[in-house]
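**Q** To start, I am sharing the structure in question, which I have written as structure tokens.
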Amino acid sequence: MSKIIVVTSGKGGVGKTTTSAAISAGLAKRGHKTVVIDFDVGLRNLDMIMGCERRVVFDFINVIQGDAKLKQALIRDKRLDNLAVLPTSQTRDKDALTQEGVEAVLNELKEEFDYIICDSPAGIERGALMAMYYADEAIVVTNPEVSSVRDSDRVLGLLQSKTHRAEEEGAEPIKAQVLITRHDQARIDKGEMMTVEDVLEILAVPLLGIIPESPAVLRASNMGVPVVLDDPSAAASAYEDAVARLVGEQVEMKIGGERRPGLISRLFGLTA
Amino acid sequence: MPSNDTKDRGARAAADIRPFQIRGRFFTAVSLRPESEQQDESFFEALDDQLRQTPQFFANAPLILDLEQVPGLNGTEVLRRMVETLKQRNLAPFGVQNASGEQVRAASDLGLINITTGQDAPLKAERRQKAIKAVRQTPAKTKTITLPVRSGQTVIADEGDLIVIGPVSSGAELIAAGNIHVYGPLRGRAMAGAHGDETARVFCTRLEAELLAIAGLYRTSESLAPEYGLQNVQAFLKNERLCVETLG
């Protein structure tokens, strides 16, 4: 039984695409057949983060409009053979997404893949609504700061009201979990950022993981490597823990950089 | 007697000047409202039937002709015939209502006054009473929400109270005709007594609200005294002021 998981946040720039890439690579690394879809039509980024931008011929929109077959548009990852990317169009906009088209593509993907990761665009408009509509689970990416948390709260409201599972009589609601990214203990201690407890108190959903602020994330993005496939880092190990929790394992929650970020990061790197 | 003289001077002075008194009087008149411009035998036969059923009620009853449905019924002669026929039946037509300009002129030729005000007041009052009864018969509906109310969501209890079990995020709105109860932190806006009920109240187990309002009177977080923050409180109206008070 395959699962559709949407990675969403409301606010832009909090790490949705980075998280989509890391989570999908992490799932594939564990042996699950995984595909990651870019819903950010017009602002094609996922293929760059995944390092396959030079192999894009057909895209998600071509498939929706029947101009290409799904097999032609799917890009198989060169590092992990059970990972695929469905890139989006850079020339079209969100209106090209139709509910029937998205449903048809997702149904076809379900036949092959165990996990379908939908990388949502920022905002709460059509693109974001289409990305979350058919989801079974949601990963809500949040930075520990007030505007990001408020936007995540808004998105949680949409997940519980504007999705297929919300509209269908008797269906289980979407299982939503929050992933806190760019966590910086030093700034939290100085009172510049919200604590994990504050964030969870407001959002009132389970915590999937805490990803520390790390230069490794930006470096991996620029090199087109999902952070979990790059050199060991605190962020990579935190993503791997999050993936383990996503598939149902009990993993103790670690807060990266509790005292000395350098030391803890190195320790995490060793245990990863 | 001199003492009486001084006492009654005012009253007698007025009486001396005017040999009459003017008093306002209310009385009931019957209104006859022809619905067809055809004033033939069948019209008067139907009228006679009606008069026979309750002869006392109509005997010499002051009567107004309501001409709303018959704008074509004008001309002094037509109206004169109508008035004559009514007088023969012991009715006392004295005025017209809802008359057009031409009808007013014809009526004044016949000595009928034009009455511009007057409504079917008793009938309306009866209807209003019925409506109130109907509302009282159905119990006020309470709406209960057991999920967190998220930013951007609005929950409306249009008829009764609103109960939320869970947090209400900042940017969320609660609106109720009656009271609002929040069992959890209230960080959004709560508007009780939305239809003007000044006895409505807001209760919450942790006050962090952006805005509290009762029957349109509101306070924002800035003007809510900080000592009530994070506490179990109720808000209510007293002397047209929104008061907040901690609950034990």
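The values are calculated or read from the model by the stated rules, or taken from the named source; none is laboratory data. Model, not experiment: these values are computed from the prediction. Positions of Cβ are generated from backbone atoms using ideal geometry, with glycine treated the same way; all protein chains shown enter the neighbour counts.
**Q** Among what's in segment B:155-214 and is more than 14 Å from chain A (Cβ to nearest Cβ) and acidic (Asp, Glu), pick the residue that is surrounded by the most Cβ atoms within 10 Å (Cβ to Cβ).
**A** The residue in question is B:ASP161.
**Q** Right, something else. Going through segment B:137-166 one residue at a time, which ones are polar (S, T, N, Q) and over 17 Å from B:ASN179 (Cα atoms)?
**A** The answer is B:GLN137, B:THR138, B:SER151, B:GLN153.
**Q** Related question: Criterion first (in contact with a Ser or Thr (Cβ under 6 Å, 6 or more places away or on another chain), more than 20 Å from A:LYS94 (Cα to Cα) and among the aliphatic types (A, V, I, L, M)) does A:ILE49 satisfy it?
**A** yes
**Q** Further question on the same structure: Of everything in segment B:191-248, what is on the phi > 0 side of the Ramachandran plot and among the aliphatic types (A, V, I, L, M)? Give them in sequence order.
**A** The answer is B:ALA215, B:LEU230.
**Q** Only one of A:GLU201, A:GLU172 is more than 12 Å from chain B (Cβ to nearest Cβ), at pLDDT below 95 and under 24 Å from B:GLY184 (Cβ atoms); which? Walk me through how you get there before you give the answer.
**A** Numbers: A:GLU201 fails: more than 12 Å from chain B (Cβ to nearest Cβ).
So the residue among A:GLU201, A:GLU172 that is more than 12 Å from chain B (Cβ to nearest Cβ), at pLDDT below 95 and under 24 Å from B:GLY184 (Cβ atoms) is A:GLU172.
**Q** Another question, if that's okay. Report yes if A:VAL225 is assigned to a loop (DSSP other than H, G, I, E, B), of a type outside the set (Phe, Trp, Tyr) and under 17 Å from the mean Cα position of the chain (by Cα), otherwise no. Walk me through it before giving the result.
**A** Working: assigned to a loop (DSSP other than H, G, I, E, B): yes; of a type outside the set (Phe, Trp, Tyr): yes; under 17 Å from the mean Cα position of the chain (by Cα): yes.
Considered against the rule, which asks whether it is assigned to a loop (DSSP other than H, G, I, E, B), of a type outside the set (Phe, Trp, Tyr) and under 17 Å from the mean Cα position of the chain (by Cα), A:VAL225 comes out as yes.
**Q** Would it be correct to say that B:GLN103 is more than 21 Å from B:PHE27 (Cβ to Cβ) and not in a helix (DSSP H, G or I)?
**A** no
**Q** Residues being part of a helix (DSSP H, G or I) and in contact (Cβ under 8 Å) with a residue 12 or more places away in the chain: count how many of those fall in segment A:200-219.
**A** The first filter runs over segment A:200-219 and keeps only residues part of a helix (DSSP H, G or I), leaving A:200-203, A:215-219.
Within this subset, residues satisfying the condition of being in contact (Cβ under 8 Å) with a residue 12 or more places away in the chain are A:200, A:202-203, A:216-217.
Of the residues in that region, 5 qualify.
**Q** Just to be sure before I move on: is B:SER42 polar (S, T, N, Q), more than 34 Å from the chain's Cα centre (by Cα) and not in a loop (DSSP other than H, G, I, E, B) in the structure I sent?
**A** Numbers: polar (S, T, N, Q): yes; more than 34 Å from the chain's Cα centre (by Cα): yes; not in a loop (DSSP other than H, G, I, E, B): yes.
For B:SER42, the condition - polar (S, T, N, Q), more than 34 Å from the chain's Cα centre (by Cα) and not in a loop (DSSP other than H, G, I, E, B) - is met.
**Q** Return the residues of segment A:50-60 that are more than 23 Å from A:MET223 (Cβ to Cβ) and either in contact with a Leu (Cβ under 7 Å, 6 or more places away or on another chain) or surrounded by 23 or more Cβ atoms within 10 Å (Cβ to Cβ) (or both); say none if nothing qualifies.
**A** In the first step, residues of segment A:50-60 are kept if they are more than 23 Å from A:MET223 (Cβ to Cβ); the result is A:58, A:60.
If the condition is that a residue be more than 23 Å from A:MET223 (Cβ to Cβ) and either in contact with a Leu (Cβ under 7 Å, 6 or more places away or on another chain) or surrounded by 23 or more Cβ atoms within 10 Å (Cβ to Cβ) (or both), then A:PHE60 is the only one that fits.
**Q** Here's another thing I want to ask about it. Read through the list (1) more than 13 Å from the chain's Cα centre (by Cα); (2) buried (at least 18 other Cβ atoms within 10 Å of the Cβ); (3) in a loop (DSSP other than H, G, I, E, B), then give the number of the only condition that A:ASP40 fails.
**A** (1)
**Q** Please note which helices (runs of 4 or more DSSP H) are completely contained in segment A:62-169 and include at least 1 residues that are more than 14 Å from chain B (Cβ to nearest Cβ).
**A** A:70-73, A:99-112, A:126-133, A:164-167
**Q** Hey, could you check segment A:176-198 for residues that are surrounded by fewer than 21 Cβ atoms within 10 Å (Cβ to Cβ) and of a type in the set (Gly, Ala, Ser) and say which is farthest from the other protein chains (Cβ to nearest Cβ)?
**A** Result: A:ALA186.
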